[in-house]
């Protein structure tokens with residue numbers, strides 16, 4: 001049951017992250033006076049990493065563990081590149097899609 005809740009939190013955070021990453025560049029086209037804050041991306045990364053760690057701690061499926069951790073790594077590379085070099089790498093989209101896929105697969109593998 002606890003893992004199902006973590007999967008729901010993980011799916012929600014990854015979907016919000018993906019929406020944020022897709023919608024924010026579109027909002028920057030409109031002159032609203034807003035700018036990108038990479039610490040929002042860092043917050044999503046930290047939430048995702050904590051959830052992935054807690055889910056994969058006792059997970060028997062190595063392929064699913066790999067999908068989770070490679071997705072977190074892709075997001076981390078993108079976020080850290082943005083924080084350090086102020087250059088956006090679109091790896092964050094693939095990482096968020098990987099997290100969503102991994103959480104859905106993990107959620108479906110639970111015995112109901």
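Readers should treat all values here as calculations from the given coordinates under stated rules, not as data from a laboratory. Here the structure is a predicted model, which means the values were calculated and not measured. As a convention, Cβ positions derive from the backbone with ideal geometry for all residues, glycine included, and neighbour counts pool all protein chains shown.
The separation of segment 95-111 from segment 33-64, counted between C-alpha centres, amounts to 13 Å.
Taking the fewest neighbouring Cβ atoms within 10 Å as the starting point, the ordered list for 75, 30, 47, 19 is 30, 19, 47, 75. The fewest-to-most ranking of 26, 45 by surrounding Cβ atoms within 10 Å reads 26, 45. Exposure proxy for 65, 4: other Cβ atoms within 10 Å of each Cβ, ordered fewest to most, give 4, 65. Taking Cα atoms only, the orientation of helix 38-56 departs from the longest principal axis of the chain by about 10 degrees. Taking Cα atoms only, the orientation of helix 91-109 departs from the longest principal axis of the chain by about 20 degrees. Between residue 69 and residue 5, the C-beta separation translates, for a Förster distance of 22 Å, into a calculated FRET efficiency of about 0.60.
So what are the chain's ellipsoid semi-axes, whole angstrom, largest first, if each one is the square root of 5 times an eigenvalue of the alpha-carbon gyration tensor? Show your work: numbers first, answer last.
Numbers: eigenvalues 155, 40, 22 Å².
Values for the chain, descending: 28, 14, 11 Å.
Quick one: go through segment 61-92 and flag any residue whose amide nitrogen is under 17 Å from the point 7 Å out along the Cα-to-Cβ line of residue 109. Residues 61-72 fall inside that zone.
You can think of it this way: the chain between residue 93 and residue 54 has 11.8 nm of extra reach, that is 0.36 nm per residue less the Cα-Cα gap.
Put a dot 7 Å past the Cα of residue 19, heading toward its Cβ, do the same for residue 83, and the two dots end up 2.5 nm apart.
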